[in-house]
Every structure is written in structure tokens, then in C-alpha cells.
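Quick note: the coordinates plus some simple rules give every number you see, no bench work behind them. If you're wondering where the values come from, they're calculated on a predicted model, not measured in any experiment. Cβ: placed from backbone, ideal geometry, glycine included. Neighbour counts: every protein chain shown.
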Amino acid sequence: MHIRRVATGHDDNGKSIIASDEKIEATTVRLMPGFEFHSIWRGDQPASFPDDGSQPVAPSYFPPLGGFRFGLFTVPPGEVAGLPEGEFEAAAAEFEEKLPGLAAHMEPDSPGMHTTATIDYEYIVSGSITLELDDSSVDLKAGDTVVQNGTRHAWRNKGDVPCVIVVCLIGAEHRAVG
């Protein structure tokens, strides 16, 4: 799926302009067939106005404290299939290259489970999804929203069509529990 991103800005006289208008390609990886990641806008510093419409530099998948990410995430139905023998190392390298830092947050002993130092605002655009937490889960459908506060979680699509989720991630500090 292609996403059209229109970014506004200002000309030299301070007038509002369309600074960029482009199609954003999905990032896909062999380790997660059917998943699509659209990075629409991102930054590692508090937001500021880039009058030329250029996206701020933000090399890792998740934002640091004060940074942000805005995008779409598509989760295919069913379980993620394994790779053929001997392909894992190359697929893992591709995963890190295309989605830097994401794999480091994933739990190898609990597929799909991960925790990040972010507050996530999520809107289910289409399909349905189950959000799994440590001791509970919730089924979500198009029109539902989630505010996720640095919780350990996984996304499971038990339906029969892909689920598209709009996500906005804001870098935050984890507080000590207890």
C-alpha cells in the first residue's frame, strides 16, 4: 500500500505553502511476512517546523525521550510463518537495516511481545486486532483507539483480513514500579 504524505511549510515571506507531496512506500521484511510499516513523519528532538517540508533525521524505529514517530502499521491475519533453513541470519540483518532498533525490543522467548519507552496513540483504521498485555487482552476493531503507556504487549490478528493501525509514538521515561 502507498501512503500519500503532504507536508506544509512556509516560503521566504512567511506564507503557507505545500512544501512536499509524495508517496510513501511501505517497509516490509522477510522475518515478518505480510506486515507493513509506513514511516510518515519522525523526529528525535522536540517537534519544530521544517519550512521546506523535509522530514527530521531519526534513524531508529522507536523515538528517544522527546522524539516522536507517526505512521501506519499493518498486521496480517494469522501467525508469522518461520523462514526456510539457513535464511534467518540474512533476514535478521535485513530487519535491522530496514527497521533499526526494533528487533532489540522484541522478546525471543515470547514472540511478538515487546516493551518500549514510549506513549503510543493508536487508531484502528480497518480490520480487527487483539492487544495482549501481561495478564489481559482486549479485542479492537475499526474506530477503536488505544493509549498505551510503556506497557509490555503484542499485537495478534485473529481475523481474516489485515488490520491497519495509525500510530503515533512519543518518547517517554519509564517510572520505577513499586
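How would you classify the stretch 122-178 from its alpha-carbon gyration tensor, with a ≥ b ≥ c the square roots of the eigenvalues: rounded for a/c under 1.5, else prolate if a/b is greater than b/c, otherwise oblate? In terms of gyration-tensor shape, oblate. Here the stretch 82-126 is scanned for amide nitrogen atoms under 12 Å from the site 7 Å beyond the Cα of ASN149 along Cα-to-Cβ, giving 119-120.
Extension gain, ALA104-HIS2: 0.36 nm per intervening residue step, less the Cα-Cα distance, totals 34.0 nm.
Cα centroids of the stretch 1-65 and the stretch 102-145: 22 Å apart. When the helices of the chain are scored as -39500 (n - 2.57) per DSSP H run of n ≥ 4 and the total is divided over every residue, the value at 222 nm lands at -2000 deg cm²/dmol. Taking a ≥ b ≥ c as the square roots of the eigenvalues of the alpha-carbon gyration tensor, the stretch 26-171 is classed oblate because a/c is 1.5 or more while a/b is no larger than b/c.
In the chain, Cα pairs under 8 Å separated by at least six residues give a relative contact order of 22 percent. At an R0 of 25 angstrom, the distance between the Cβ atoms of HIS10 and VAL57 translates into a FRET efficiency of 0.80.
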